[in-house]
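> After the structure tokens below, expect a handful of questions from me.
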Amino acid sequence: TGEIRWIYRFADVVYVTDETSRREITSWPEPGAGIDVLPLALSGKTMSEHKRASDRIRSDPSFWTSHTVIVVDQSGSMRKDDVADGITRSDAVWLVLALDLVGKRLTKGEASASDVISVVGMNETSNLLFDR
């Protein structure tokens with residue numbers, strides 16, 4: 001609009017105010033705000049196996065044993081923070097994919113290095129976000 005605005009970040013929230021910095025125009029949680037997930041350390045052996053399998057799949061696509069394609073809504077409604085603990089819908093989707101789809105399969109030994117996952121983000125257009 002050409003009007004002066006101020007942007008502040010505090011406690012994982014972005015605030016936009018008017019030119020006086022006294023009236024809030026809008027705000028939204030930072031991506032991942034309210035989510036505390038401990039990273040899972042992968043061993044050198046696991047990383048090496050993944051690299052070898054990835055290289056082999058790229059050179060010989062018939063090597064993969066499964067291909068999961070996930071389409072994730074990335075429209076404006078996914079920025080709503082109406083999920084438990086005030087996280088956004090989008091953050092909740094990524095959390096579920098990481099912990100439930102990938103994490104549980106890895107920890108239970110249900111996934112192999114030859115499984116392929118592709119993630120497509122849908123908004124006004126679609127974009128391949130991840131392909132492993």
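The values are calculated or read from the model by the stated rules, or taken from the named source; none is laboratory data. Keep in mind the model is a prediction, meaning the values are calculated, not measured. Positions of Cβ are generated from backbone atoms using ideal geometry, with glycine treated the same way; all protein chains shown enter the neighbour counts. Just so you know, the surface numbers come from the protein's heavy atoms only, side chains and all, with ligands and any DNA or RNA stripped out. Shrake-Rupley method; radii C 1.70, N 1.55, O 1.52, S 1.80 Å.
> Determine the relative contact order of the chain: mean sequence separation of Cα pairs under 8 Å and six or more apart, normalised by residue count, in whole percent. The partial results should precede the final answer.
On the way: 160 pairs, mean separation 27.4, N = 132.
Once divided by the residue count of the chain, the mean separation gives 21 percent.
> If Lys and Arg each add +1 and Asp and Glu each add -1, what is the summed charge of the other residues whose beta carbon sits under 15 Å from the beta carbon of Gly2? Don't jump to the answer; show the numbers that get you there.
Values: positive: Arg5; negative: Glu3, Asp18, Glu19.
Combined, the nearby Lys, Arg, Asp and Glu give -2.
> On to the next question. Amide H to amide H under 5 Å from Val120: which residues, 5+ apart in sequence or cross-chain, H placed 1.01 Å off N in plane?
Close amide H contacts, sequence-distant or interchain: Ile70, Val71, Val72, Leu129.
> At 222 nm, what helix-only mean residue ellipticity would the chain give, in deg cm²/dmol to the nearest 500, using -39500 (n - 2.57) for each DSSP H run of four or more?
Details: 3 runs with 28 residues, N = 132.
Computed ellipticity for the chain at 222 nm equals -6000 deg cm²/dmol.
> Leaving out ligands and nucleic acids, and using a 1.4 Å probe, what accessible area per residue does the chain come to in Å²? Mind dumping the intermediate values first?
Working: 9650 Å² over 132 residues.
Solvent-accessible surface per residue comes out at 73 Å².
> Suppose R0 equals 35 Å; then what is the FRET efficiency for Leu38 and Phe63 from their Cβ-Cβ distance, rounded to the nearest 0.05?
Details: r = 32 Å, r/R0 = 0.92.
Here the calculated transfer efficiency is 0.65.
> Ordered by residue, what ³J(HN,Hα) values in Hz, to whole numbers, does the range 61-69 give under the Karplus form 6.51 cos²θ - 1.76 cosθ + 1.60, where θ = phi - 60° and Gly and Pro are x?
x, 6, 6, 5, 9, 8, 9, 9, 10
> Relative to the present Cα-Cα distance, how much length would full extension add between Ser126 and Asp82 at 0.36 nm per residue of separation? Don't skip to the answer; put the middle values down first.
Numbers: separation 44, 0.36 × 44 = 15.84 nm, distance 2.45 nm.
Going from the current span to full extension adds 13.4 nm.
> What fraction of the DSSP beta bridges in the chain is antiparallel, stated in percent and rounded to the nearest 5?
Working: 15 of 23 bridges.
In the chain, DSSP labels about 65 percent of beta bridges as antiparallel.
> Modelled label-to-label distance, Thr20 and Ile4, 7 Å Cα→beta-carbon offset: nm?
Distance between the two pseudo-spin positions: 1.3 nm.
> Around Ala92, what is the net charge, scoring Lys/Arg as +1 and Asp/Glu as -1 over all other residues with Cβ under 13 Å from its Cβ? Intermediate results must be reported in sequence, preceding the final value.
Working: positive: Arg79, Lys80, Arg89; negative: Asp73, Asp81, Asp82, Asp85, Asp91, Asp100.
Spelling it out: positives minus negatives among the neighbours equals -3.
> State the percentage of accessible surface on the range 22-72 attributable to carbon and sulfur atoms; use a 1.4 Å probe and exclude ligands, DNA and RNA. Show your work: numbers first, answer last.
On the way: 2330 of 4080 Å².
For the range 22-72, the apolar C and S fraction of the accessible surface comes to 57 percent.
> Right, another one. Less than 15 Å from a label point 7 Å out along the Cα-to-Cβ axis of Arg52: which backbone N atoms in the range 103-122 qualify, by residue?
112-115
> Still on this structure: In whole Å, what are the extents of the range 29-132 along the principal axes defined by its C-alpha atoms, from largest to smallest?
Extents along the principal axes: 42, 32, 19 Å.
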